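Enquirer: Dropping the structure in here first, questions after.
The values are calculated or read from the model by the stated rules, or taken from the named source; none is laboratory data. Owing to the predicted nature of the structure, the values given are computational and were not obtained by experimental measurement. Here the Cβ positions follow ideal geometry from the backbone for every residue, glycine too, while neighbour counts run over all protein chains shown. To get the accessible areas, we keep the full protein, side chains included, count just its heavy atoms, and leave off ligands, DNA and RNA. Shrake-Rupley method; radii C 1.70, N 1.55, O 1.52, S 1.80 Å.
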Amino acid sequence: MNKIIVIGSLNIDVQQKIARLPQQGETLGILDQATNFGGKGANQAVAAARQTANVHFIGAVGQDERGIAFKDLLVDEGISTTYINEIGHKNTGTAYIMLEPDGHNTILVYPGANEMLTMDDVKAAEHEFADVDYVVAQLEVPQAAVLAGFRLAHKYGAKTILNPAPVTDHVDAALLAETDLVVPNETEAAALAHLPATTDAAELVDVMQSLRDKGVGDAIITLGEDGVYYDVAGQVGVCPIFKVQAVDTTAAGDTFIGTLAAHLALDNQNLVEAIMLATRASSLAVSEAGAISSIPTLADVEAANAQQ
């Protein structure tokens, strides 16, 4: 199984179940509330670890009870926390998730300690990059820190995976040039490409061309109910998703990426198989409430496949 370094965010998720989003100036009640561990970086790391990958995390938490508890959780998942810094003057990051009855969510994020991660913090972990397969990152930590990690990855022959989320129309050109595989959803892909969002495979060809013009190597674009589009090392196609009753989509994309990174061979020879495993894991995640608590293990994925 792959060795993976995740450079990313660690957030406490405050999930609030609501009947609908409020209008501007409107006050609505919250039907239920729960607090869980999350953050795109943590979700992706846990997803990879539960697929039995060897995972090391580079990130930051506050010197607060939540930060200490977060590190303990990752250790319990078998994830190395040696390079998770504790920041004295910032609280651990927090995400406020508004969950609607159909399983869709709207999220507000307070970055907290995540925004304090620096290039030097990443460089301090350089020896971990010597035998790594993939370095995975998102945009909930400073791009400069991610760029430092991607450059170290390429120094030692590893590949890089970027999840360009939260959605933005600007990613540093130098970072895109160091990205081997970008894994956005259709909205994030459109923002990067400066084109309208689409799930149509023919139109995604134009999206891919725009991404490549900006320096991106390959891409896997998740399309929600329309499947997963891939254009990787000359292999192009669409994989279907597994239809389930969505309960909570919070960690769906992160589960997909972490599972993909755990299984994808460096030569991409098992590309479709890895995508299908990641799609199965994601379908299991959306069938349960919560972020990290919903992420399946390898045994869960194998059992679901056996039942198909």
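Enquirer: Out of (1) open to solvent by less than 50 Å² (accessible area, probe 1.4 Å); (2) more than 28 Å from ASP231 (Cα to Cα); (3) in contact with a strand residue (DSSP E or B) (Cβ under 8 Å, 6 or more places away or on another chain), what's the single condition that is false for GLY103?
Expert: (3)
Enquirer: Still on this structure: Looking only at the stretch 45-76, count how many residues are under 24 Å from PRO166 (Cβ atoms) and open to solvent by less than 10 Å² (accessible area, probe 1.4 Å).
Expert: Residues in the stretch 45-76 being under 24 Å from PRO166 (Cβ atoms) and open to solvent by less than 10 Å² (accessible area, probe 1.4 Å): 14 in total.
Enquirer: I'd like to know if the stretch 134-145 contains one or more residues that are buried (at least 19 other Cβ atoms within 10 Å of the Cβ), β-branched (Val, Ile, Thr), out of contact with any Ser or Thr (no Cβ under 6 Å at 6 or more places or on another chain) and closer than 27 Å to LYS3 by Cβ.
Expert: Within the stretch 134-145, one or more residues are buried (at least 19 other Cβ atoms within 10 Å of the Cβ), β-branched (Val, Ile, Thr), out of contact with any Ser or Thr (no Cβ under 6 Å at 6 or more places or on another chain) and closer than 27 Å to LYS3 by Cβ.
Enquirer: Can you spot a residue in the stretch 181-189 that is open to solvent by less than 10 Å² (accessible area, probe 1.4 Å) and more than 18 Å from VAL272 (Cα to Cα)?
Expert: yes
Enquirer: Could you give me the residue pairs with C-beta distances under 9 Å whose first residue belongs to the stretch 271-295 and is free of Cβ contacts under 8 Å to residues at least 24 places away in the same chain and in a helix (DSSP H, G or I), whose second residue is surrounded by fewer than 21 Cβ atoms within 10 Å (Cβ to Cβ) and not aliphatic (A, V, I, L, M) wherever it lies, and which are 6+ apart or on separate chains?
Expert: ALA274/ASN268
Enquirer: Just to check your reading of the model, which residue among THR255, THR249, THR297 is within 21 Å of ASN11 (Cβ to Cβ) and either over 15 Å from the mean Cα position of the chain (by Cα) or at pLDDT below 85 (or both)?
Expert: After ruling out the rest, the residue left standing is THR249.
Enquirer: Quick check on my filter: what residues within the stretch 3-38 are of a type in the set (S, T, N, Q) and open to solvent by 20 Å² or more (accessible area, probe 1.4 Å)?
Expert: GLN16, GLN23, GLN24, THR27, GLN33, THR35, ASN36 - these are the residues of the stretch 3-38 that are of a type in the set (S, T, N, Q) and open to solvent by 20 Å² or more (accessible area, probe 1.4 Å).
Enquirer: Identify all residues within the stretch 15-44 that are farther than 19 Å from ALA165 by Cα, in contact (Cβ under 8 Å) with a residue 60 or more places away in the chain and not polar (S, T, N, Q); write none if there are none.
Expert: Listed by number, the residues that qualify are LYS17, ILE18, ALA19, ARG20, LEU21, ALA34.
Enquirer: Keeping to the stretch 77-100, report how many residues are of a type in the set (S, T, N, Q), without any contact (Cβ under 8 Å) to a residue 60 or more places away in the chain and surrounded by 16 or more Cβ atoms within 10 Å (Cβ to Cβ).
Expert: Result for the stretch 77-100: 4.
Enquirer: Tell me which residues, restricted to the stretch 24-39, are of a type in the set (Ser, Thr, Tyr) and either touching a helix residue (DSSP H, G or I) at 6+ places or on another chain (Cβ under 7 Å) or modelled with pLDDT under 90 (or both).
Expert: THR35
Enquirer: Right, another one. If you go through the stretch 42-63 one residue at a time, do you hit one that is within 17 Å of GLU77 (Cα to Cα) and touching a Pro at 6+ places or on another chain (Cβ under 7 Å)?
Expert: Within the stretch 42-63, one or more residues are within 17 Å of GLU77 (Cα to Cα) and touching a Pro at 6+ places or on another chain (Cβ under 7 Å).
Enquirer: For GLN307, are the conditions met, namely being polar (S, T, N, Q), surrounded by fewer than 24 Cβ atoms within 10 Å (Cβ to Cβ) and farther than 17 Å from MET1 by Cβ?
Expert: It is true that GLN307 is polar (S, T, N, Q), surrounded by fewer than 24 Cβ atoms within 10 Å (Cβ to Cβ) and farther than 17 Å from MET1 by Cβ.
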